[in-house]
Each structure stands twice: as C-alpha cells, then as structure tokens.
Amino acid sequence: MTVDLPRAHWFKSSYSETSGSCVEVAYLDGELVGVRDSKNPAGPALVFTPGEWDAFTAGVSDGEFNRPGS
C-alpha cells in the first residue's frame, strides 16, 4: 500500500497546546487515517484503516489506554 503522506492535510486537535507537542491526524485517500508526531512531521506516521481507526478512538474514549493507577 502506498500513501501520499507529504501531500496530506494534517491537523491538530483544538485542545492541543501551542507548544506543538501533540499528534496530528490526516484523512487520506482510500478512507485511511494517518497519525504522526507534530514535532517530527518528516518522520514516520501510523496509518489506520477505517475500522482500525474506529476501534482505536473507541478505546481512547473508553479509557482502554489509560495508565494503570490513573
């Protein structure tokens, strides 16, 4: 699978800090979703299928990825 990441329109959450320490998301061709580190825009990105993205965001909302004890 080839994805054109440099031409993607990346955006940050409105809740992001102004320091730039956050993740960016892009909706890509083929309904894929890209996620990258805003501090390293030329670095690697994770690419999710629509189902993977839905499962990931549901897990975040449900607290599935919270640190133990928090």
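The values are calculated or read from the model by the stated rules, or taken from the named source; none is laboratory data. Source: prediction; values computed, not measured. Methodologically, a virtual Cβ is constructed for each residue, glycine included, from the backbone with ideal geometry; neighbour enumeration extends over all protein chains shown. Just so you know, the surface numbers come from the protein's heavy atoms only, side chains and all, with ligands and any DNA or RNA stripped out. Shrake-Rupley method; radii C 1.70, N 1.55, O 1.52, S 1.80 Å.
Taking the helices alone, the chain has a mean residue ellipticity at 222 nm of -5500 deg cm²/dmol, built from -39,500 (n - 2.57) per DSSP H run of at least 4 residues and averaged over all its residues. Computed in the context of the full set of protein chains, the accessible area of region 23-70 at 1.4 Å probe radius has 54% of its extent on carbon or sulfur. Counted without the sites themselves, the longest stretch of the chain free of chymotrypsin sites (Phe, Trp or Tyr not before Pro) in a DSSP loop having at most 10 other beta carbon atoms within 10 Å is 16-64.
Just want to confirm a number: the relative contact order over the chain, from Cα pairs under 8 angstrom separated by 6+ residues, in percent. Please list the in-between numbers first.
Details: 76 pairs, mean separation 14.1, N = 70.
Worked out over the chain, it gives 20 percent.
Distance between the 7 Å Cα→Cβ label points at residue 61 and residue 12: 2.5 nm.
Remark: the Cα gyration tensor places region 1-68 in the oblate category, a/c being 1.5 or greater and a/b not exceeding b/c. Within the chain, the GluC sites (Glu not before Pro) that combine a DSSP coil assignment with at most 11 other C-beta atoms in a 10 angstrom radius are 17, 64.
Using only side-chain charges placed at the Cβ, +1 for Lys and Arg and -1 for Asp and Glu, the dipole size of the chain relative to its Cα centre rounds to 300 debye.
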